[in-house]
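Undergrad: Next up is a structure, given as structure tokens.
Bear in mind these aren't lab numbers, they're just calculated from the coordinates by the rules spelled out. Note that the coordinates shown come from a computational prediction; the quantities given were computed from them, not determined experimentally. With ideal geometry, Cβ positions are generated from the backbone for all residues, glycine too; neighbour counts draw on all protein chains shown.
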Amino acid sequence: MKIFFANPKAQNILLNKKLKKIFNNVISQNNYVLGNENIKFESNLKKYFNIKYALGVNSGTDALKIALKSLNLKKNSEVIIPSLTATATGSAVLESGVKPVIIDVDKTGNMDPAILKKKISTKTKAVIVVHLHGNPANIYEIKKVVKSIPIIEDCAQSMGSSINKKRVGTFGEISCLSFYPTKNLAAIGDGGAIITNNFSLFKKMKLIRQYGWDDKRVSVEQGYNSRLDEVQAAILNLKIKFLNQNNLLRNKIAKKYMKSLKNLPIVFPQTLKNTFHAYHLFVIQIKQRDKLMNYLKSKKIFPSIHYRVPLHKMPTFKKYKGSNMKQSNEMSNKMLSLPIYPELTLSQQTKVINTIKKYFKTK
Ligand SMILES: *Cc1c(COP(=O)(O)O)cnc(C)c1O
């Protein structure tokens, strides 16, 4: 049997009966978008994050676009983002009609506060902090550096991660979530959300979510269509109940990897003190990464790479490179995402571990 780095199907098969019931319920409703399930989901998110406002939207990318649009940025504004992130982070900035400034990361793989400090200028109107792989970024340092510039937290990979027991997603002005099928909280299709404690930004983002409509369906400002489907909201209402438990299972798997592979020339995820890593991905660093990857593939184990091409090396984003990229370049050559998901069995993980050990023995 093949072992993948992520396996959304395993969870959906486990929940098969409950999911079918959800589909049946939604089919017999008369409202398929932004209905009662969405309201319930928004309330679940508010509770989960202990935050005042939440909005279900169509995807994590849309969440970022809506968040940026709510800040009313002028055309020549700059938004600083890290080089190691999903393409979505950069696309959302470009689509918002402003200029991304892409900067290097630190050893955690997240935005480096020292570089950020040097790159902030009068043109900087927002900073997007990504908690990459679920590993919390150095948000306290970043907050010191940005002062009054709004922070958008991109929590697409870090739902459930925390710093000093405070959830990431509650440190910035606005936070964006994704429920793409491989994420820690996963829809069966696209889905996203925005959370904030700021009432005026919340009101504005709610308008932008749907054509700029007010309560009377009159457009009072330019908006998008980014509604969350009822079927996805209902699935998320079911799965959010298991999220914390699943994140603990991810941690258990991560700890086993670190214990079992500790004598090998492997660099494990570098976390900051007092952080909880939700292990959306378990990313090791290793020399001659592709050699190990190919070996694992030949044994039916399929790791992945997040990310092989950092943003500043993609043709679309090259010209927005804003700093030296020493760390991103090095990490993108060495990183490898090993299989990690709550349903990964002990015998599957043991196979991954033994295969890696064997690779080093025969090397
Ligand atoms: C997945 C992801 C997104 C985009 O989310 P979608 O729901 O796929 O649009 C944005 N940022 C990061 C860091 C992601 O991992």
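Undergrad: For region 104-187, what are Rg and Dmax over the alpha carbons, in angstrom?
TA: According to the Cα coordinates of region 104-187, Rg and Dmax are 12.7, 40 Å.
Undergrad: Of Lys40/Lys239; Lys166/Lys255; Lys52/Lys74; Lys291/Lys363; Lys52/Lys203, which pairs sit farther than 18 Å apart, going by alpha carbon to alpha carbon?
TA: Details: Lys40/Lys239 13 Å; Lys166/Lys255 22 Å; Lys52/Lys74 28 Å; Lys291/Lys363 10 Å; Lys52/Lys203 12 Å.
Result: Lys166/Lys255; Lys52/Lys74 exceed 18 Å.
Undergrad: Which lysines, if any, have their Cα less than 18 Å from the Cα of Lys313, not counting same-chain residues under 8 positions apart?
TA: Lys99, Lys321, Lys326, Lys334
Undergrad: Sequence neighbours fewer than 8 away in the same chain don't count; with that in mind, list the aspartates and glutamates whose C-alpha is under 20 Å from Lys204.
TA: Cross-link targets: Glu42, Asp62, Glu95, Glu153, Asp154, Glu173, Asp214, Asp215, Glu221.
Undergrad: Using DSSP, restrict attention to beta bridges with both residues in region 140-230 and report what percent are antiparallel, rounded to the nearest 5.
TA: Roughly 75 percent of the beta bridges in region 140-230 run antiparallel, per DSSP.
Undergrad: Expressed as a rounded percentage, what relative contact order does the chain have, with Cα pairs under 8 Å and six or more residues apart?
TA: Computed value for the chain: 23 percent relative contact order.
Undergrad: May I ask you to compute the full-extension gain from Ser298 to Asn30, defined as 0.36 nm times their residue separation minus their alpha-carbon distance, rounded to one decimal in nm?
TA: The Ser298-Asn30 span can extend by a further 91.5 nm.
Undergrad: Towards the positive end of the charge dipole of the chain, with charges on Cβ (+1 Lys, Arg; -1 Asp, Glu), say which of Ile305, Val93, Asn58 has the farthest Cα.
TA: It is Ile305.
Undergrad: In the neighborhood of Ala114, defined by Cβ-to-Cβ distances under 15 Å, what is the net charge if each Lys or Arg adds +1 and each Asp or Glu adds -1?
TA: +3
Undergrad: Now for a different question. For region 10-156, how big is Rg over Rh, using alpha carbon atoms and the Kirkwood form of Rh? Don't skip to the answer; put the middle values down first.
TA: Details: Rg = 18.3 Å, Rh = 17.3 Å.
Answer for region 10-156: 1.06.
Undergrad: Toward the positive end of the charge dipole of region 163-306, about the Cα centre and with charges on Cβ (Lys, Arg +1; Asp, Glu -1), which of Ala186, Gln270, Phe202 goes farthest?
TA: The one lying farthest along the dipole's positive direction is Gln270.
Undergrad: Using the Cα centre as the reference, give the magnitude of the dipole from point charges on the C-beta atoms of region 10-166 (Lys, Arg: +1; Asp, Glu: -1; all else neutral), rounded to the nearest 20 debye.
TA: It works out to roughly 400 debye.
Undergrad: Starting from the Cα gyration tensor of the chain, take the square roots of the eigenvalues, sort them a ≥ b ≥ c, and report rounded, prolate or oblate (rounded when a/c is under 1.5, otherwise prolate if a/b is larger than b/c, else oblate).
TA: Because a/c hits 1.5 or more and a/b fails to exceed b/c, the chain counts as oblate.
Undergrad: Rounded to the nearest 5, what % of the DSSP beta bridges within the chain are antiparallel ones?
TA: The antiparallel fraction comes to roughly 55 percent.
Undergrad: A follow-up question, please. Provide the net charge surrounding Ser175, with neighbours chosen by a C-beta distance below 13 Å and charges set as Lys +1, Arg +1, Asp -1, Glu -1.
TA: That sum, taken over residues with Cβ under 13 Å, equals +1.
Undergrad: Less than 15 Å Cβ to Cβ from Ala193, Lys/Arg counted +1 and Asp/Glu -1: what total charge do the surrounding residues give? Walk me through the intermediate numbers first.
TA: Numbers: positive: Lys40, Lys46, Lys47, Lys52, Lys65, Arg167, Lys183, Lys206, Arg209, Arg227, Lys239; negative: Glu37, Glu42, Asp62, Glu153, Asp154, Asp190, Asp229, Glu230.
Surrounding charge for Ala193 is +3.
Undergrad: By count of other Cβ within 10 Å, fewest leading, how are Met1, Met325 ordered?
TA: Fewest to most other Cβ atoms nearby, the residues stand as Met1, Met325.
Undergrad: On to the next question. Assign unit charges at the C-beta atoms only (+1 for Lys and Arg, -1 for Asp and Glu), then state the dipole size of the chain relative to its Cα centre in Debye, rounded to the nearest 20.
TA: Dipole magnitude for the chain comes out near 1320 debye.
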